[in-house]
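*Asks:* The structure's right below; bear with me while I get my questions together.
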Amino acid sequence: VGTVMSVVFSGSEARRQATAAAKPSGTLVSRGSLILILLLVATLLAPNYLIRRGAFVYKLMVTLVGLAAVGLFAYWKKTPQELRRWLRETWWFVRVIMPLLLAGVFVVGVIARLIPQPWVQKWLSGSGLLASFLATMIGAVSYFATMTEAPFVDKLMGLGMGKGPALALLLTGPGISLPNWLAVARVFGWRKALVYVVTVIVLGTVTGWVVGNFVLPG
């Protein structure tokens, strides 16, 4: 994927590097920004690692403490303009991506329970290109919460899904999703996002087909 992106956008990358070289050198991330990022990561991870058992309210309390630390540090280190820009970008992600995340988790859970076996056997069995492509598309548009893609694929294989399509779904499911498309487009632009998504889909389809037919046939 990285090689394809480098070849397709070699011209724009060369211009970007030339522009960057002309600017005064400096650190990529300031110390304050790095500490803020670490605080955000700690706020995300601490509730699950510190509170393994007990009521959910304890995890909520740890999260609130982390958010308070993030807020105080940001207020101390960042300018009002930077804070407003940060909150504006955060609100954009919450407003656009959160509904898709919730819908994605719900749909994946429903599909795993209600998908008819004849449909799986008709469209996802074997190791043909069409089956691998459909599995890749399911992975490309669906959002899988962490560690849910493996049980989901195992359920589909129990209903008749082929090994090649299963691998194709596992390759694309954790890597991209509809919310991920929007995030990539927001940061890098729609053109690069489109090339990235198409490349992942094509490579996932081809890999599933090759593995299903030549590596793990039958």
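Any read-out appearing in this document is the output of simple, stated calculations on the displayed coordinates, not a laboratory observation. Given the structure is predicted, the values throughout are model-derived calculations rather than measurements. Cβ: placed from backbone, ideal geometry, glycine included. Neighbour counts: every protein chain shown.
*Asks:* Just need the relative contact order of the stretch 84-218 here, percent rounded to a whole number, with Cα pairs under 8 Å and 6+ apart.
*Replies:* Details: 185 pairs, mean separation 40.3, N = 135.
Once divided by the residue count of the stretch 84-218, the mean separation gives 30 percent.
*Asks:* Can I ask one more? Could you give the dipole magnitude of the chain about its Cα centre, charging the beta-carbon of Lys and Arg +1 and that of Asp and Glu -1, in debye to the nearest 20?
*Replies:* Roughly 640 debye for the chain.
*Asks:* Mind checking the angle between helix 80-114 and the chain's longest principal axis? C-alpha axes, 0 to 90 degrees, to the nearest 10.
*Replies:* Computed tilt is about 20 degrees.
*Asks:* Hey, fewest Cβ within 10 Å first, where do S132, S177, S125 land in order?
*Replies:* S125, S177, S132
*Asks:* Projected onto the charge dipole of the chain (+1 at Lys/Arg Cβ, -1 at Asp/Glu Cβ, origin at the Cα centre), which of V7, Y196, W91 gives the Cα projection farthest towards the positive end?
*Replies:* Projecting each Cα onto the dipole axis, the largest value belongs to W91.
*Asks:* Per DSSP helix of 4 or more residues, -39500 (n - 2.57); summed, then divided by the residues of the chain. What does that give at 222 nm, rounded to the nearest 500?
*Replies:* -25500 deg cm²/dmol
*Asks:* Which of rounded, prolate, oblate describes the chain, given a ≥ b ≥ c as roots of the alpha-carbon gyration tensor eigenvalues and a/c under 1.5 marking rounded, otherwise prolate only if a/b is larger than b/c?
*Replies:* Oblate, since a/c reaches 1.5 and b/c is not below a/b.
*Asks:* Still on this structure, I have one more. Quick check: from the Cα gyration tensor, does the stretch 129-175 come out rounded (a/c under 1.5), prolate or oblate?
*Replies:* On the way: a/c = 2.12, a/b = 1.17, b/c = 1.81.
Oblate shape, in that a/c is at least 1.5 and b/c is the bigger or equal ratio.
*Asks:* While we're on this one: Can you give me the C-alpha center-to-center distance between the stretch 126-175 and the stretch 57-90, rounded to a whole angstrom?
*Replies:* 37
*Asks:* In nm, give the distance between the simple-model label positions of S6 and L50, each being 7 Å from the Cα along the Cα-to-Cβ direction.
*Replies:* Roughly 4.2 nm, to one decimal.
*Asks:* Relative to the longest principal axis of the C-alpha atoms of the chain, give the angle of the C-alpha long axis of helix 149-158, reported between 0 and 90° and rounded to the nearest 10°.
*Replies:* It is inclined by approximately 10 degrees.
*Asks:* Between helix 163-172 and the chain, what is the angle of the helix's C-alpha long axis to the longest principal axis, kept within 0 to 90° and rounded to the nearest 10?
*Replies:* 10
*Asks:* Now, a different point. How would you classify the stretch 135-208 from its alpha-carbon gyration tensor, with a ≥ b ≥ c the square roots of the eigenvalues: rounded for a/c under 1.5, else prolate if a/b is greater than b/c, otherwise oblate?
*Replies:* Note, shape of the stretch 135-208 comes out oblate.
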